[in-house]
Amino acid sequence: MFTTTRFDTWELPSSIMNGLNEAGWEFATQVQKDTIPIARRGTDVIGQARTGSGKTAAFGIPIIERCKPTGQLQSLILTPTRELANQVAEELVMLQGDSDLTILTVYGGTDIEKQAKTLGNGVDIIVGTPGRVMDMTERGHIDLSHPSLMCLDEADRMLDMGFFPDIMWVVEKMTNREQTLLFSATFPQEIIDAAHEFMNDPDFVLTNAESLDIPPIDLFSVRVGRSNKLWVLGRLLSHMKDDDQTIIFCNTKRMVDLAVERLKKHRFEVQGLHGDLSQNQREKILDRFREGSVKTIIATDVAARGIDVDAITLVVNYDLPVDMDSFVHRIGRTGRIGRSGAAWSLVSRDDAPQLSRIMATYGLDILPVEAPELPEGMDRDPVRRQDDFGETADVFGYVTLRLNLHPKDAGSSYAVSSWFVDALKCDELAVGEIQFEESSTLVSMHTSKVGLAMKALEKREFNGASVGATIVE
Ligand code: ADP
Ligand code: MG
């Protein structure tokens, strides 16, 4: 397994640590680990890492660290599009915590006069597109002779034929340039050649996600509410073949027990494994798992340490692990010695942020998918799916329904809301806000009534017409 690097081992300025804490980032991604220490030393860097690997912070953190809130331009970051400029600037603003730097975007399509005035108030870091930066420089609103750092994001695009002359124009004006950072997902040879024209003995860092010790397995995630995780699990287990074996991970002993109990009720043969069992009991279970008489184990992370059974083809994260390294340990249980394997994560709304953190930290592609279909020849779910509107509800417990009802046919909000109150025999409060769109009507409805409302719409007509409805996610 590979090691992780926590941001707090780098002795970054406390203002940046505050930004990172605020963002909830603990671990550096691979490209950040590979390039930040070099860039902090002032060395020129060419960093190549795939999309989504965290390149923005890889240059953002060292750039923020070297700038002071003086109001004089110190760093210039160029991006190929204004969207990207905005994204990069937003991330820098987040990462700088309470550094107090003025970070501005400069791109075309915005009011030049206004921009000139803003720039006139002082700026420490500019994130911009080449055209407008050149324009503002020629008009005297940007002084490129001052900044000592230039960074090109998506450098492959910045240095191709289209932008190259602009970049060289900027480079020539940046007479005080000391450090240059280039980041991109790809670096064709001609781009590297072009870069050498204006870089000073750069370190080329290729972050190769494949070099991580992650087995070649398929990673999937299914968005599902807590109450339907067992339904998805039932589907996954119903796809198992005779010599497949599975480990299902839960975060707590209690959850292991509950899942075992409920799956047994649905006639699955599963075995729980956690720290409350005696050493002896655990070894017995593991022996039976190794010899294959037990096919499916439901375990906590601690209890599953050291299980290496080659026939494990499926790992399920019933819960996402709180500790990110556990994710890698868990999925490492399958796909051993060249066998295929899959790891599925069941992700409720509360789990979603942790999933994206895991993906970013390890550079994993976890494909979001629907629950698998039932296998051929099976017509009933082993575990029934429950109505669960809690996942889509807002903080007040309301879910939005989109009715196939033209505002003209709806009449008024009052007519719509009375129809529901009458059809559901419910309190007026269960029906929330009603909004009219171009050709449909949005009704917000308390979760407790959504099931009833959907049924009522199937059975009853609205002013003589039948009205279909869908839940707005
Ligand atoms: P790239 O530029 O390599 O395509 P980004 O810099 O846009 O990738 O980062 C991808 C996502 O990962 C962003 O949402 C970013 O906020 C997030 N991210 C980056 N680094 C980390 C980290 N160390 N921990 C958690 N999330 C991160
Ligand atoms: Mg990027």
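The values are calculated or read from the model by the stated rules, or taken from the named source; none is laboratory data. The shown structure was predicted, so the numbers you read here are calculated from the model rather than taken from an experiment. Here Cβ is always computed from backbone atoms with ideal geometry, including for glycine, and neighbour counts include all displayed protein chains.
Some points to look at:
- Look at the range 81-92: where a residue is in contact (Cβ under 8 Å) with a residue 12 or more places away in the chain and a partner is outside any helix (DSSP H, G or I) and near ligand 1 (Cβ under 9 Å from one of its atoms), sitting 6+ places away or on another chain with Cβ atoms under 7 Å, you get 84/153; 84/154; 88/153.
- The sole residue among 421, 416, 467 that is more than 19 Å from residue 387 (Cβ to Cβ), among the aliphatic types (A, V, I, L, M) and free of Cβ contacts under 8 Å to residues at least 12 places away in the same chain is 421.
- Candidate set: the range 134-185, residues that are part of a loop (DSSP other than H, G, I, E, B) and basic (Lys, Arg); chosen: the one farthest from ligand 1 (Cβ to nearest atom): 139
- Criterion applied to 201, 193 was being outside any loop (DSSP other than H, G, I, E, B), surrounded by fewer than 13 Cβ atoms within 10 Å (Cβ to Cβ) and more than 30 Å from the chain's Cα centre (by Cα), and the one residue passing it is 193.
- Considering (1) loosely packed, with under 15 Cβ neighbours inside 10 Å; (2) touching a residue at least 12 places away in the same chain (Cβ under 8 Å); (3) more than 25 Å from residue 235 (Cβ to Cβ), the lone condition that residue 283 does not fulfil carries the number (2).
- Condition broken by residue 33, with the remaining ones in (1) within 16 Å of ligand 2 (Cβ to nearest atom); (2) assigned to a helix (DSSP H, G or I) satisfied: (1)
- Test: residue in the range 85-97 that is in a loop (DSSP other than H, G, I, E, B), away from ligand 2 (no atom under 16 Å from the Cβ) and closer than 20 Å to residue 39 by Cβ: yes
- Selection of helices (runs of 4 or more DSSP H) fully inside the range 242-352 by the criterion of at least 3 residues being assigned by TED's automatic domain parsing to the domain that holds residue 229, among the aliphatic types (A, V, I, L, M) and more than 20 Å from residue 382 (Cα to Cα) returns 301-304, 324-331.
- Only one of the listed residues (28, 57) is aliphatic (A, V, I, L, M) and either touching an Asp or Glu at 6+ places or on another chain (Cβ under 7 Å) or within 15 Å of ligand 2 (Cβ to nearest atom) (or both). That residue is 57.
- Test: residue 340 is at negative phi and exposed (fewer than 15 other Cβ atoms within 10 Å of the Cβ): yes
- Among (1) over 30 Å from residue 237 (Cα atoms); (2) surrounded by 14 or more Cβ atoms within 10 Å (Cβ to Cβ), the one test that residue 471 misses: (1)
The rows are residues; the columns are (1) within 16 Å of ligand 2 (Cβ to nearest atom); (2) of a type in the set (Gly, Ala, Ser); (3) modelled with pLDDT under 90; (4) farther than 30 Å from residue 28 by Cα.
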position	(1), (2), (3), (4)
105	yes, no, no, no
119	no, no, no, yes
137	no, no, no, yes
141	no, no, no, yes
171	no, no, no, yes
207	yes, no, yes, no
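- Of the residues 428, 458, 391, the single one that is more than 28 Å from residue 350 (Cα to Cα) and modelled with pLDDT under 85 is 428.
- Just one of the listed residues (38, 63) is surrounded by fewer than 21 Cβ atoms within 10 Å (Cβ to Cβ), among the hydrophobic types (A, V, I, L, M, F, W, C), more than 8 Å from ligand 1 (Cβ to nearest atom) and not assigned by TED's automatic domain parsing to the domain that holds residue 363, namely 38.
- Residue count, the range 82-124 (criterion: more than 16 Å from ligand 1 (Cβ to nearest atom) and among the aliphatic types (A, V, I, L, M)): 7
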